[in-house]
Structure formats: C-alpha cells, structure tokens
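Asks: Handing you this structure, nothing more for now.
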Amino acid sequence: MEEGRAERRRRTEAPSHTQGGPRRAGVMTDVHRRFLQLLMTHGVLEEWDVRRLQKHCYRVHDRTAAVEELEDFINNINSVLESLYIEIKKGATEDDGRPVYALVNLATTSVSKMASDFAENELDLFRKALELIIDSETGFASSTNILNLVDQLKGKKMRKKEAEQVLQKFVQNKWLIEKEGEFTLHSRAILEMEQYIRETYPDAVKICNICHSLLIQGQSCETCGIRMHLPCVAKYFQSNSEPRCPHCNDYWPHEIPEVFDPEKEREAGTSRATKRSLRSRQH
C-alpha cells in the first residue's frame, strides 16, 4: 500500500517533460473540451485533420472568436492536463514524416495502458508482436512469425484464427500498421510507448542518429551501422548530390526518399475540399 502511494506521489510530483518546458496555467473553454474529447475518440490524428478538428470546434462553440494558433491552443490544453500527467504530444510518421498528434498518458508507460480495451492473452500477443518488431532489422514482423507464438500466450488459450482477428483489432485501434502481411508499430504506439520500449529492450532498441528519437523503420549506414528515420534521411540529404554518412562520411548507398512538404499537402487538401464542394452542389 505504502509503495503504491509513493508511486502515485512520484507520478504527481514528477517534473513536466512536455514540449516547451513549464507552462502557465491555462483555461479550458468548451472549444478546448470538445477538441480534447474528439481527439480522445480518434487516438491519433495527422496535423491536417487536427487543424480541421480545431476549426470545427470553434464553429460549434464560438463562431465569433479568432482561431488560436494550433501550438498555443494545444499548449493551453496541456497546461490543464499537466497535473493529470497527460499530454497531447506531437510526433511524425516514420515512413514519410507527416506530423501527427496523440493524447499520451505519461503516468503509465507499459503495454498495461491498453488493458481496458484488450484481454490478458490479447495484450500478451501485442507484447510478442512488439518484441519481434523491435528485434527485426526492418522494423516489421510477419503475421506468420507472430501467429507461431500463439501457443506461448498467457491467460486463455487462443487459436490462430482468433489471433488474426486480434491483430486486425490492433490495426483498427491504431497500435499497429499492416503492410502486405507484415506488421509494424503505428505512430500512436511509438508516441505512447517510447520510454517503455527504451527501458524494456535496451540492447535491441534503435535510435535515429539525427533526431535521437526511437527508430523502428529507417535506413542504416553499411559501414558504421548508424540509423536514420526516412524523413530524417530526406531532410539531411535533400540538397546533397553525393550523400555521405553523417558519422563516418562513407557513401550513403540507399535511395533518398522525398521530403514531406506541408505546403503541397495543404494545397492538395484545399483541392480535395473544393472538389467535394462542387460535387455536393451538383447533387
């Protein structure tokens, strides 16, 4: 009991690790509260969708108010959530660097935070998948390799067919991503579980040489072995005709991916919205 109370005090008194350091106390309006509720429903959203969500909340609750800058808007919410050790955290997708936002529980860092949505054997299946993903060179684990571990699960026995359905449930809840029969971690899982992964798999965990964040998917130098996220590779080498490793200066042999361009994304989004508007007028 004393240990439990001490742990709760530790979490409550823990210094803030939120972006931008200590914050002034914020005030939550109906706009902020609705935004937070909707973000909780989605779990994780790309920045374009977050901006749309923010504007929607202003339209519903305060049409006359000027829309606050997104960073200030989120910092205001985070200053209120700080005492609960919860934060709206910004990250990026590992494949193309799209900015994403997720509501992260900073007090619990383990897989146990998923306990309310999944049974014990389902959580253990996620742990098995997570371990395979972390140990792999590519950041992916095949469905075959995951399903082969079903007999080792804790709790109620699970058939392979059931396990396949559970894996799809992880995908639907944005904990995993599936690509051609292989699974990797969703941005939501990386944002919420980075500290847990670093502590649990210290010998297997990979870190990006550029941003120093957890790396699941990326490229590596064939000479010195350093690793970089694909978006970090794109930004680092974007003006280099002969890319060289930032650590050993040897030639970088991989294809350089394109840099995510938010301006192009905004233009594409505006174009999509215009097309939808035109279609609605025609019907």
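Asks: Looking at (1) assigned to a loop (DSSP other than H, G, I, E, B); (2) polar (S, T, N, Q); (3) closer than 26 Å to Ile177 by Cβ, which one does Asn121 not meet, given that it meets all the others?
Replies: All conditions are met except number (1).
Asks: If you take the residues in segment 216-237 that are in a helix (DSSP H, G or I) and of a type outside the set (Gly, Ala, Ser), which one is farthest from the chain's Cα centre (by Cα)?
Replies: Once the filter is applied, the top-ranked residue is Tyr236.
Asks: In segment 163-208, what residues are farther than 26 Å from Lys235 by Cα and touching a Lys or Arg at 6+ places or on another chain (Cβ under 6 Å)?
Replies: Of everything in segment 163-208, just one residue is farther than 26 Å from Lys235 by Cα and touching a Lys or Arg at 6+ places or on another chain (Cβ under 6 Å), namely Lys174.
Bear in mind these aren't lab numbers, they're just calculated from the coordinates by the rules spelled out. In this text, all values refer to a predicted model and were calculated from it rather than measured experimentally. Counting neighbours? That spans all protein chains shown, and the Cβs are built from the backbone with ideal geometry, glycine included.
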